[in-house]
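Chemist: Once you've had a glance at the structure underneath, I'll fire off some questions.
Readers should treat all values here as calculations from the given coordinates under stated rules, not as data from a laboratory. Predicted, not measured: the structure shown is a model, and the values here were computed from it. A quick note on method: Cβ atoms are made from the backbone with ideal geometry, for glycine too, and the neighbour counts reach across all protein chains shown.
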Amino acid sequence: MRIEYESDVVRWDARTEAWFFAVMPEDLSQEIRELPSPPRGFGSLRVRARIGDTEWATSIFPGRDGYVLPLKKQVRSAEAIEEGGTVVVELEILDL
């Protein structure tokens, strides 16, 4: 399954580290929740993600407002992504 969405970049402070995420819109998140998928830790799904010219393998995780895509520092640096900015995310969900 391939999807594309636009998201603001949000920051979550956990203990001493800050994590940055792109939150999937609730309607897309709901569609994904309804699809059969194998059980994985924290309800995660394996994906291949792309923002701009940067592509990487990672997982999305169910969150309060929808699935979240973690944006690691390497990706943020390569694409000049900052907290509060907007990104266009292309995802291929591998676990369906």
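Chemist: Go through the range 34-49 residue by residue and tally those that are surrounded by fewer than 15 Cβ atoms within 10 Å (Cβ to Cβ), closer than 15 Å to Ser59 by Cβ and free of Cβ contacts under 8 Å to residues at least 40 places away in the same chain.
Modeler: Qualifying residue count for the region: 4.
Chemist: Give all pairs with beta carbons closer than 8 Å in which a residue from the range 84-96 that is under 13 Å from Asp53 (Cα atoms) meets a residue that is of a type in the set (Asp, Glu) and assigned to a loop (DSSP other than H, G, I, E, B); count only pairs at least 6 apart in sequence or on separate chains.
Modeler: Matching pairs, first to second residue: Val87/Glu79.
Chemist: Taking the range 64-89 on its own, how many of its residues are within 26 Å of Glu31 (Cα to Cα), in contact with a helix residue (DSSP H, G or I) (Cβ under 8 Å, 6 or more places away or on another chain) and either hydrophobic (A, V, I, L, M, F, W, C) or part of a loop (DSSP other than H, G, I, E, B) (or both)?
Modeler: 2
Chemist: Tally time: how many residues in the range 50-80 are within 13 Å of the chain's Cα centre (by Cα) and either among the hydroxyl-bearing types (Ser, Thr, Tyr) or surrounded by 19 or more Cβ atoms within 10 Å (Cβ to Cβ) (or both)?
Modeler: So the answer is 10.
Chemist: Are there any pairs, at least 6 apart or on different chains, whose C-beta atoms fall under 9 Å, with the first in the range 17-29 and closer than 16 Å to Ser44 by Cα and the second assigned to a helix (DSSP H, G or I), and if so, which?
Modeler: Short answer, once both residue conditions are applied: Val23/Ser29; Met24/Ile32.
Chemist: Further question: Pick from the range 12-44 the residues that are under 10 Å from the mean Cα position of the chain (by Cα) and assigned to a strand (DSSP E or B): which of them is nearest to Gln74 (Cα to Cα)?
Modeler: Phe20
Chemist: Let me ask something additional. Taking the conditions exactly as written (at negative phi and touching a Leu at 6+ places or on another chain (Cβ under 6 Å)), does Ala22 satisfy them or not?
Modeler: So Ala22 fits the description; yes.
Chemist: Something else now. Return the residue satisfying two criteria in turn: it lies in the range 1-32 and is touching a strand residue (DSSP E or B) at 6+ places or on another chain (Cβ under 7 Å) and among the basic types (Lys, Arg), and of such residues it is surrounded by the most Cβ atoms within 10 Å (Cβ to Cβ).
Modeler: So, considering only residues that are touching a strand residue (DSSP E or B) at 6+ places or on another chain (Cβ under 7 Å) and among the basic types (Lys, Arg), the one surrounded by the most Cβ atoms within 10 Å (Cβ to Cβ) is Arg11.
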